[in-house]
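What follows is calculated from the coordinates using simple rules that are stated; it is not laboratory data. Since we're looking at a predicted model, the values are computed, not measured. Note that we place each Cβ from the backbone using ideal geometry, even for glycine, and neighbour counts take in every protein chain shown.
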Amino acid sequence: MIMLFGKYFLLMRDVIQRPQKWRFFWKQLFTEFYSLGVESLGIVAIISVFMGAVLALQTAFNIDTPLVPMTMVGFTTRQGIVLEFSPTIISLILAGKVGSRIASEIGTMKVTEQIDALEIMGINSANFLILPKISAAIIINPFLIIISMFLGIFGGWLACVTTNLVTSHDYIIGIRSWFDPYSITYALTKTVVFAYIIASVSAFYGYITKGGALDVGSASTKAVVQSSILIIIFNLILTQLLLT
């Protein structure tokens, strides 16, 4: 385990350097924006809408006393979506989709000796291949999470209105009540950290792959599992640091 951490930090030392060719870096960065961000928008949207709907319905069903106003459904849905569900759950989903893609892409390049070819040409392969992915993930993931927040809250409203459990007026009042802008700062801070974890850990496991196609699949699985575990651990750490 210590050796694995050492390899990771040594790789990151090579990754976080000034790009040798800025033109190629910017071109690859915008390519990664599309592959890591735009192509993930569909699954993020679907999960967010249904996640918000389920959270709102569960809250409404559990309010069984007239002493608690129905506006609490909107408030609870907003808080749950903004503080935890969008930044953490969506990041776990992206760890599976984006992380496996990064690990398998770099792992395939490793076993087919494309990375060796880059090194022979005098190119810092770690910086050339991994830095655009990490940069793109850090920039695009917060936008995905913001979209997820809006869609999650909308999904909760849609579920409440279509089931007649909560009126639209009460739900909207709840959303607007006791809003603290720091909640958004907290959520996006977590998102940036999670984005770095997903991209860097997945790239690391792809970069150290040896063998053939089966090893690429194994590296992809390890990348998803380790990224998910680290997201959960850092979720606790960041919550402790930022909310207490």
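If we count every other residue with Cβ under 10 angstrom of Ser40's Cβ, Lys/Arg +1 and Asp/Glu -1, where does the sum land? Walk me through the numbers before you get to the answer.
Details: positive: Lys97, Arg101; negative: Glu39.
Residues close to Ser40 contribute a combined charge of +1.
Among the GluC sites (Glu not before Pro) found in segment 83-192, those both in a DSSP coil and sparsely packed, with 13 or fewer other Cβ atoms within 10 Å of their Cβ, are Glu113. Paramagnetic label reach from Trp26 (point 7 Å along Cα→Cβ; backbone nitrogen cut-off under 16 Å): within segment 121-141, residues 132, 136.
Please compute the contact order of segment 160-224 in relative form: average sequence separation of alpha-carbon pairs under 8 Å and at least six residues apart, divided by the residue count, as a percent.
Working: 22 pairs, mean separation 12.5, N = 65.
Worked out over segment 160-224, it gives 19 percent.
What separates the Cα centres of segment 138-177 and segment 188-244 is a distance of 28 Å.
At 222 nm, what helix-only mean residue ellipticity would the chain give, in deg cm²/dmol to the nearest 500, using -39500 (n - 2.57) for each DSSP H run of four or more?
Details: 10 runs with 191 residues, N = 244.
Estimated from H runs of four or more residues: -27000 deg cm²/dmol.
Here the residues Thr59, Thr167, ranked from fewest to most Cβ neighbours within 10 Å of their Cβ, fall in the order Thr167, Thr59.
Computed over the Cα atoms of segment 1-125, what is the ratio Rg over Rh, Rh following Kirkwood?
Numbers: Rg = 21.9 Å, Rh = 18.6 Å.
Reported Rg/Rh (Cα atoms, Kirkwood Rh): 1.18.
Sites listed here are trypsin sites (Lys or Arg not before Pro) in segment 1-106 whose DSSP assignment is loop and whose Cβ has at most 16 other Cβ atoms within 10 Å: Lys21.
Report the Rg/Rh value for segment 143-227, based on alpha-carbon coordinates and the Kirkwood definition of Rh.
On the way: Rg = 20.0 Å, Rh = 16.2 Å.
Value, to two decimals: 1.24.
Ranking of Asp180, Asp170 by neighbouring Cβ atoms within 10 Å, starting from the fewest: Asp180, Asp170.
Using only Cα atoms, figure out Rg for the chain and give it as a multiple of 2.2 N^0.38 Å. List each step's numbers first, then the result.
Values: Rg = 20.8 Å, N = 244, 2.2 N^0.38 = 17.8 Å.
So the Cα radius of gyration is 1.17 times the expected 2.2 N^0.38 Å.
In this Cβ point-charge picture (+1 for Lys and Arg, -1 for Asp and Glu), segment 41-239 has a dipole of about 40 debye about its Cα centre.
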